[in-house]
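See below for the structure under consideration.
The values are calculated or read from the model by the stated rules, or taken from the named source; none is laboratory data. Quick caveat: nothing in here was measured; it's all calculated off a predicted structure. Cβ: placed from backbone, ideal geometry, glycine included. Neighbour counts: every protein chain shown. Heads up: the accessible areas ignore ligands, DNA and RNA and are worked out on the full protein's heavy atoms, side chains in. Shrake-Rupley method; radii C 1.70, N 1.55, O 1.52, S 1.80 Å.
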Amino acid sequence: MTQSYKASYRAFTNIALIKYWGKRNESLFLPLTSSLSLTLDAFYTDTTVEFNPEFEADIFILNGVEQGLEETQKVGRFVDLFREAANISLRVKVTSVNHVPTAAGLASSSSAFAALASACNAALNLGLDNRELSIYARQGSGSATRSLFGGFVIWHKGEDDDSQSSYAESIDDADWDIGMLFVVVNAKEKKISSRQGMAHTRNTSPFYQLWPSEVENDLAKIIPAIKEHDFETVGAIAEHNAMKMHASILASNPSFTYFEPESLVAMQIVKELREEGIPCYVTMDAGPNVKVLGRLSQMDQIIARFKQDFAADQLILAKTGNGPLKLEL
């Protein structure tokens with residue numbers, strides 16, 4: 001009987017509250033700044049890997065569809081990190097189901113590569129802990145390094161070109177009345193990918209030179225606020241950080257934006273809710289979809305207000321999430 005190595009994992013998306021926007025080393029996926037996120041339970045990826053001597057080539061199946069050469073090679077190069085660590089050359093079959101729209105600014109890559117890294121680690125019995133595994137996951141997708149943990153997670157930028165010093169760790173389990181409402185403005189794949197947008201912003205935006213120091217200042221303020229469970233301060237810092245990122249994007253040359261008309265409608269609703277005494281805050285990634293950070297106990301009121309302008313299927317409530325879960329094969 002041919003021996004195969006197989007494992008299956010579920011990983012959840014995270015949404016950055018202090019954004020990751022730009023690399024200092026493209027090949028090692030080393031970020032220009034540290035970042036901070038919240039892991040959530042609404043969107044996730046289930047991935048099964050099987051290493052088998054009978055496979056003649058790597059196979060990648062996403063959402064039931066076998067992928068072409070380019071996508072399969074991308075996944076294969078990531079899996080090579082684990083094959084090298086295990087000192088094997090077996091081909092792999094990766095079967096992945098994304099319970100989140102792909103490339104729509106809803107953090108699909110964070111859950112996808114966190115699930116793949118976790119499954120490879122288990123299948124090959126590498127025994128990497130989450131800190132070590134986050135270093136591997138980072139090399140598939142920067143944001144995936146944070147989905148190895150639940151709650152509030154910091155991804156350390158690391159030192160110079162030392163790949164091992166850039167890793168993620170949990171700083172708080174976020175079990176203090178926190179939720180996030182996803183306002184899905186457009187679930188289609190965005191025209192400008194995060195990687196393209198990051199590079200263009202860094203290379204052409206005059207505002208970008210301020211970005212590293214702004215992130216450092218925001219992190220210095222938000223971490224104590226998280227530890228003190230100061231929700232309003234956390235929300236205000238997160239919203240301002242997101243707007244600074246998008247302002248830098250707008251100042252690129254040629255200029256571009258991820259905002260769509262409904263994105264602005266959602267932002268205005270959040271401002272009105274705050275004026276009415278309900279603390280909630282906007283964050284947005286590289287896409288038009290708006291995320292609303294609020295108290296979980298007030299989400300019914302927040303959702304009711306959004307239903308005046310958005311369809312029910314555009315509104316998805318997320319609670320705080322955990323790190324990856326092993327699934328039964």
| Could you say which residue among 134, 147, 163, 170 is of a type in the set (S, T, N, Q), at pLDDT below 95 and either crowded, with 22+ Cβ neighbours inside 10 Å or in contact with a helix residue (DSSP H, G or I) (Cβ under 9 Å, 6 or more places away or on another chain) (or both)? | 163
| In the stretch 1-18, the residues that are hydrophobic (A, V, I, L, M, F, W, C) and open to solvent by 10 Å² or more (accessible area, probe 1.4 Å) | 1, 12
| said: Residue pairs, Cβ under 9 Å, 6 or more apart or interchain, first in the stretch 268-289 and free of Cβ contacts under 8 Å to residues at least 40 places away in the same chain, second in a loop (DSSP other than H, G, I, E, B) and of a type in the set (A, V, I, L, M). List them. | reply: none
| said: Every residue in the stretch 19-61 that is more than 19 Å from residue 326 (Cα to Cα), at pLDDT 95 or above, among the aliphatic types (A, V, I, L, M) and buried (at least 19 other Cβ atoms within 10 Å of the Cβ), please. | reply: 36, 38
| said: Could you check the stretch 1-26 and list, in sequence order, the residues that are assigned to a loop (DSSP other than H, G, I, E, B) and under 19 Å from residue 203 (Cα atoms)? | reply: 19, 20, 21, 22, 26
| message | Can you go through 199, 220 and tell me which one is out of contact with any helix residue (DSSP H, G or I) (no Cβ under 8 Å at 6 or more places or on another chain) and modelled with pLDDT under 95? | response | 199
| task | Report, ordered by the first and then the second residue, all pairs with beta carbons closer than 7 Å, sequence separation of six or more or different chains, a first member in the stretch 189-203 that is at positive phi and basic (Lys, Arg), and a second member that is at pLDDT 95 or above and assigned to a loop (DSSP other than H, G, I, E, B). | result | none
| Can you name the residue in the stretch 135-182 that is aromatic (Phe, Trp, Tyr) and touching a strand residue (DSSP E or B) at 6+ places or on another chain (Cβ under 7 Å) and is also farthest from residue 26 (Cα to Cα) among such residues? | 182
| query | Restricting attention to the stretch 44-58, which residues are touching a residue at least 60 places away in the same chain (Cβ under 8 Å) and either more than 25 Å from residue 111 (Cα to Cα) or not charged (D, E, K, R) (or both)? | reply | 44, 45, 47, 48, 49, 51
| query | Hey, among the residues in the stretch 282-306 that are among the small types (Gly, Ala, Ser) and within 14 Å of the chain's Cα centre (by Cα), which one's nearest to residue 265 (Cα to Cα)? | reply | 287
| said: Name the residue that is most open to solvent (accessible area, probe 1.4 Å), counting only residues in the stretch 281-305 that are over 18 Å from residue 263 (Cβ atoms) and either in a helix (DSSP H, G or I) or β-branched (Val, Ile, Thr) (or both). | reply: 300
| query | Restricting attention to the stretch 27-39, does a residue exist that is outside any strand (DSSP E or B), without any contact (Cβ under 8 Å) to a residue 12 or more places away in the chain and more than 29 Å from residue 318 (Cα to Cα)? | reply | yes
| request: Filter the stretch 306-329 for residues that are farther than 22 Å from residue 176 by Cβ, open to solvent by 40 Å² or more (accessible area, probe 1.4 Å) and in contact with a Leu (Cβ under 9 Å, 6 or more places away or on another chain) and give the result. | output: 307
| note | Note: among 116, 210, 126, just one is within 21 Å of residue 98 (Cα to Cα) and at pLDDT 95 or above, namely 116
| In the stretch 233-242, is there at least one residue being in contact with a Gly (Cβ under 6 Å, 6 or more places away or on another chain), surrounded by 18 or more Cβ atoms within 10 Å (Cβ to Cβ), of a type outside the set (Ser, Thr, Tyr) and within 27 Å of residue 28 (Cα to Cα)? | no
| said: Given the options 263, 252, name the one that is assigned to a helix (DSSP H, G or I), among the hydroxyl-bearing types (Ser, Thr, Tyr) and open to solvent by less than 50 Å² (accessible area, probe 1.4 Å). | reply: 263
| task | Scan the stretch 226-246 and report the pairs whose first residue is farther than 27 Å from residue 208 by Cα and whose second residue is hydrophobic (A, V, I, L, M, F, W, C), with Cβ atoms within less than 6 Å and a gap of 6+ or a chain change. | result | 229/176
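Residue-by-condition table, conditions (1) more than 27 Å from residue 132 (Cα to Cα); (2) touching a strand residue (DSSP E or B) at 6+ places or on another chain (Cβ under 8 Å):
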site: 190; (1), (2): yes, no
site: 194; (1), (2): no, no
site: 206; (1), (2): yes, no
site: 209; (1), (2): yes, no
site: 228; (1), (2): yes, no
site: 234; (1), (2): yes, yes
site: 241; (1), (2): yes, yes
